[in-house]
Amino acid sequence: MSKLKGLLTFVFVAAGLGMLAPGALASGPEGPPTGPTTPPFTQCPAIGLDTSCQFLIDVTSTNPKVPPRILRDGSQAYYDGSDDVTVAVQNDSTAPLASIHVGVAGSGDGVFGFDGDGDCSSSISPQPEGCPFGAPEETTFGDGTDYYGPDNTFTIESTDGGTVDFTTPLQPGQYTYFTLEAPPYGTSLVAGEVNDTIATMLATTEGEGATGNTIAVPAPVEVTDTATLAGEHASEATGKVTYRVYGDANCTELAAQAGEKTVTNGAAEPSNPVGKSLATNHTYYWQATYTGDAKNSEAVSVCGDETMTFGTPPVTAGTVSTNLVASNGASGAQITVPPGTAVHDTVTVAGAPQSGRITYYVFSDSSCTTQIKTQVGGGVVNNGVFPASGSVTLPVGTYYFQAAYSGGGGLAAGRSLCGSEVLTVAVPPPPPPPNSSFTIASVVANPNGTITITFIPAQSGTATLVVTVPTASIASTSATAAKAKKSKKCKAGQVKIKGKCRPSTTVAGTTTANGTAGVPLTLTVHLSGKIKSLLKKGKTVHLVATLTYKSSLGGTATVNTFAVTIKGKRSSHHHHK
């Protein structure tokens with residue numbers, strides 16, 4: 001027997017109230033781990049105006065009689081306009097999941113009424129990494145291919161219903177995401193069998209109450225919920241609706257039973273009043289379950305569609321701090337590594353969380369909107385400690401890491417600050433050339449015919465000290481030397497002395513020694529006998545000292561040339577002549 005879907009809506013009634021204030025893909029067995037079932041649902045990346053999934057379809061059983069749990073994150077609105085939603089599907093059952101059916105025949109919801117603003121549409125920013133997921137040559141305006149997510153396609157029956165098919169079946173523990181034109185009411189496991197759907201809409205009707213799907217008041221008050229069916233056979237619907245109130249966003253911690261009520265001609269009786277006996281400073285979540293009948297199958301409303309808050313919930317911000325660690329030993333909030341270096345992220349959440357999940361992301365832009373890795377891993381807390389991300393090896397560029405905490409156990413969801421973790425992958429600069437530089441400490445010229453130079457080398461290497469003197473200074477007195485002139489008949493670098501071409505300079509002494517980096521080195525040159533003879537005669541000799549030092553690592557030698565003047569001292573023996 002084929003079962004057809006209806007649509008339930010809910011109305012909250014609060015007594016005596018004034019007007020109230022209104023990341024990942026699946027691909028075979030190696031797909032991502034199970035994502036969080038408490039808001040935020042980080043199975044989705046940032047899409048349009050949403051930073052994560054607005055809805056999560058959690059498939060918990062392979063039994064078609066057990067509808068998937070549909071949860072909603074109230075902090076995420078429509079990602080575009082007033083009707084587009086981000087949806088994740090998570091397989092928490094024990095068998096692969098090949099498809100799900102979404103939509104309510106005759107509901108008018110238009111869940112598949114595509115108009116060209118899907119997650120991969122050019123009008124949406126940011127888009128998920130990997131767009132388009134449908135074949136570009138098959139994509140036309142409004143055909144739905146730009147609404148695909150990783151590893152899924154659609155089989156559309158009408159604007160109100162169709163099937164989401166998983167190209168590679170979701171294995172137990174895997175998830176993926178896509179976008180739709182309306183909330184995913186009416187989700188079932190068997191393609192073609194359409195279940196009734198419960199969609200929530202709250203209304204406070206007593207006194208000066210207000211309507212809406214969210215109630216927030218300073219103190220507990222009595223609240224009632226009303227459900228109605230809509231759909232192809234909703235006007236004939238019978239059966240029962242059971243109302244429950246939960247203390248958690250996962251609708252697993254029962255806070256109050258609000259009664260089982262009869263459905264007649266598609267309308268359910270209001271729930272029992274609930275609220276005054278509940279604790280203040282807390283948020284509560286309403287949910288309704290419909291039994292179904294011969295033409296309308298059983299269904300459960302979306303957890304998170306209806307909430308009531310009394311006072312201020314005792315929630316502490318889950319402050320997220322992170323640190324990058326590279327395989328080459330580098331670590332910190334901002335690191336630079338060479339290409340080929342594996343890097344992973346680590347996280348700490350303030351407040352000693354005992355529940356919740358961390359999910360890691362990598363972006364290519366400083367606003368953290370363009371993901372280059374849809375999923376870098378994550379995991380649940382273990383004794384206050386979260387697992388590190390998976391390692392990634394990225395090409396040359398700059399990348400921004402971010403970690404998102406799902407919240408739990410009295411801690412609000414949190415996300416590390418975009419830009420607080422920056423990885424730069426860059427080709428390292430070439431090593432600096434060998435340093436042959438040195439620092440002169442002293443130069444001593446002795447009338448006895450020696451020149452001593454002390455210097456400090458920057459690196460170990462070899463030093464050579466060469467002292468030269470004009471040839472004319474040796475061949476004659478200073479006066480005679482002054483008369484020596486270059487001759488056109490002499491080669492370059494020669495002078496004519498006493499009618500003969502001679503080298504313009506003569507080496508007066510040289511020495512070589514090895515130096516050690518940072519250690520003073522002293523070189524002493526003993527000048528030639530001709531120079532010493534001039535000095536003994538009391539002559540003043542002008543010399544040129546050239547110190548050359550070359551690092552043992554190679555490179556260009558450093559040369560320092562300076563003038564040295566020695567004034568001779570006439571010997572007493574010479575004086576008495």
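The values are calculated or read from the model by the stated rules, or taken from the named source; none is laboratory data. Only a predicted model underlies this, so the values are computations on that prediction, with no experimental measurement involved. Every residue, glycine among them, receives a Cβ derived from its backbone with ideal geometry; neighbour counts consider all protein chains shown.
Quick check on the stretch 332-361: of everything there that is among the small types (G, A, S) and touching a Ser or Thr at 6+ places or on another chain (Cβ under 9 Å), which residue is surrounded by the fewest Cβ atoms within 10 Å (Cβ to Cβ)?
G340
Give me a count of the residues in the stretch 429-460 that are part of a loop (DSSP other than H, G, I, E, B) and either surrounded by 14 or more Cβ atoms within 10 Å (Cβ to Cβ) or at pLDDT 90 or above (or both).
9
Across the stretch 385-425, what is the number of residues that are part of a loop (DSSP other than H, G, I, E, B), more than 24 Å from R357 (Cα to Cα) and in contact with a strand residue (DSSP E or B) (Cβ under 6 Å, 6 or more places away or on another chain)?
Count: 2.
Which residues, counting only those in the stretch 329-364, are part of a loop (DSSP other than H, G, I, E, B) and modelled with pLDDT of 90 or more?
Answer for the stretch 329-364, where residues must be part of a loop (DSSP other than H, G, I, E, B) and modelled with pLDDT of 90 or more: G329, A330, A333, P338, P339, G340, T341, S364.
Within the stretch 336-360, take every residue that is of a type in the set (S, T, Y) and touching a Gly at 6+ places or on another chain (Cβ under 6 Å) and give me the one that is farthest from V425 (Cα to Cα).
Across the stretch 336-360, the extreme among qualifying residues is S355.
So, in the stretch 498-537, of the ones that are part of a loop (DSSP other than H, G, I, E, B) and modelled with pLDDT under 85, which residue ends up surrounded by the fewest Cβ atoms within 10 Å (Cβ to Cβ)?
Across the stretch 498-537, the extreme among qualifying residues is G499.
Among the residues of the stretch 26-44, is there at least one that is within 27 Å of the chain's Cα centre (by Cα), modelled with pLDDT under 80 and hydrophobic (A, V, I, L, M, F, W, C)?
Yes, the stretch 26-44 contains at least one residue that is within 27 Å of the chain's Cα centre (by Cα), modelled with pLDDT under 80 and hydrophobic (A, V, I, L, M, F, W, C).
So Y290 clears everything in (1) farther than 30 Å from K240 by Cβ; (2) of a type in the set (S, T, Y); (3) in contact with a Lys or Arg (Cβ under 9 Å, 6 or more places away or on another chain) except one condition, right? Which one?
(1)
Read through the list (1) within 21 Å of A77 (Cα to Cα); (2) in contact with an Asp or Glu (Cβ under 9 Å, 6 or more places away or on another chain), then give the number of the only condition that P184 fails.
Of everything listed in (1) within 21 Å of A77 (Cα to Cα); (2) in contact with an Asp or Glu (Cβ under 9 Å, 6 or more places away or on another chain), P184 misses just condition (2).
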